[in-house]
Amino acid sequence: MSSPRDFRFLKGYLPKEGEISKGYLYKKLRDLGSEAILDLLDALFVEPYRREGWAETLRLALLDHRGLLNALGRERVESILEMGERTGRKGRFLLSSIPPKEMGTGGYIEEEEAPMEYIPLGERISMAKGFDMDRVCRLIPDPDPKVIRALLDNPRITEREVVRLTSRRPNAPEILEAVALHRRWNQRYRVRRAITLNPYTPPRIALILLTGLLRSDIDLIRRDSNLHPLLREIASGMVRD
């Protein structure tokens, strides 16, 4: 953030806490200059700004990378990234597409899970929507995001199963992103924490969620050598500030 004065301007530009929607935020972001957008992104890493009501809406808007690209345009986002890199602004990483530290895929890796691989995709999607929770939970390792999205939509699924899903290693970035984008589960602290602590999570998503975590968990992340160096570096800076 370039100065407190810049942030006061941005804060006044947004609605009062509790009154902001993602659509409204996208509209306001389109009206802001690139430097002002970087100011706003930088603020997510700083106390007490990252605790304010608008910060949560900004996190949710940033998680939806496709929605953000549609709102701002790919060329505009690339221009913001270039300015952020040129000026050393860490807020730029919330818009970037850096690959995860670990690259992997989801899948039925345990011997007892192997029979699930031979069930057709359509049938697995139907199973994920079903009432039989034993069968539903057997789909947690599924490698197809369509199955996982159907599972996440199932009202019988609990936070315990979603944390189990997001804690799996190896895992596919697409699976972890599907959970991060889910409107029900991306509100849950334990789910967010599990996604951030997974080295298979795309750094952009991990960094966005990092800004909403408790200081004790941020400290845990900075000391976890399994995680992306960029995530650990930014977590270290947040602990020091």
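The values are calculated or read from the model by the stated rules, or taken from the named source; none is laboratory data. Model, not experiment: these values are computed from the prediction. Cβ atoms come from the backbone with ideal geometry, glycine included; neighbour counts cover every protein chain shown.
The number of residues in region 170-223 being of a type in the set (S, T, N, Q), within 24 Å of I109 (Cβ to Cβ) and touching a helix residue (DSSP H, G or I) at 6+ places or on another chain (Cβ under 8 Å) comes to 3.
What number of residues within region 53-82 satisfy the criterion of being assigned to a loop (DSSP other than H, G, I, E, B) and either buried (at least 20 other Cβ atoms within 10 Å of the Cβ) or in contact (Cβ under 8 Å) with a residue 40 or more places away in the chain (or both)?
First, pick out the residues of region 53-82 that are assigned to a loop (DSSP other than H, G, I, E, B): 64, 73.
Narrowing further to those that are either buried (at least 20 other Cβ atoms within 10 Å of the Cβ) or in contact (Cβ under 8 Å) with a residue 40 or more places away in the chain (or both): 64.
Going through region 53-82 one residue at a time, the tally reaches 1.
When restricted to residues that are in a loop (DSSP other than H, G, I, E, B) and of a type in the set (D, E), region 119-166 contains 3. Of the listed requirements (1) modelled with pLDDT of 95 or more; (2) under 21 Å from the mean Cα position of the chain (by Cα); (3) not in a helix (DSSP H, G or I), G104 misses just one: (1).
Residue-wise test of (1) surrounded by 14 or more Cβ atoms within 10 Å (Cβ to Cβ); (2) not hydrophobic (A, V, I, L, M, F, W, C).
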| site | (1), (2) |
| --- | --- |
| G91 | yes, yes |
| L121 | no, no |
| P145 | yes, yes |
| L151 | yes, no |
| R160 | no, yes |
| S167 | yes, yes |
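Across region 196-241, the number of residues qualifying as within 17 Å of the chain's Cα centre (by Cα), of a type in the set (A, V, I, L, M, F, W, C) and farther than 20 Å from G91 by Cβ comes to 2.
For region 180-212, a tally of residues being touching a residue at least 24 places away in the same chain (Cβ under 8 Å) and either closer than 17 Å to R149 by Cα or in a loop (DSSP other than H, G, I, E, B) (or both) returns 17.
Sub-7 Å Cβ pairs linking a first residue in region 230-241 that is under 15 Å from N198 (Cα atoms) to a second residue that is crowded, with 17+ Cβ neighbours inside 10 Å and among the charged types (D, E, K, R), at least 6 apart or interchain, are R232/R222; A235/R222, ordered by first then second residue. Is there a residue being modelled with pLDDT under 95 and either in contact with a Gly (Cβ under 8 Å, 6 or more places away or on another chain) or not in a helix (DSSP H, G or I) (or both) anywhere in region 226-241? Yes; the residues of region 226-241 include at least one that is modelled with pLDDT under 95 and either in contact with a Gly (Cβ under 8 Å, 6 or more places away or on another chain) or not in a helix (DSSP H, G or I) (or both).
Find the residue count for region 8-39, including only residues that are loosely packed, with under 13 Cβ neighbours inside 10 Å, at pLDDT 80 or above, small (G, A, S) and assigned to a helix (DSSP H, G or I). Counting residues in region 8-39 that are loosely packed, with under 13 Cβ neighbours inside 10 Å, at pLDDT 80 or above, small (G, A, S) and assigned to a helix (DSSP H, G or I) gives 1. Here M116 meets the list (1) in a helix (DSSP H, G or I); (2) under 23 Å from the mean Cα position of the chain (by Cα); (3) modelled with pLDDT under 95 almost entirely, failing just condition (2).
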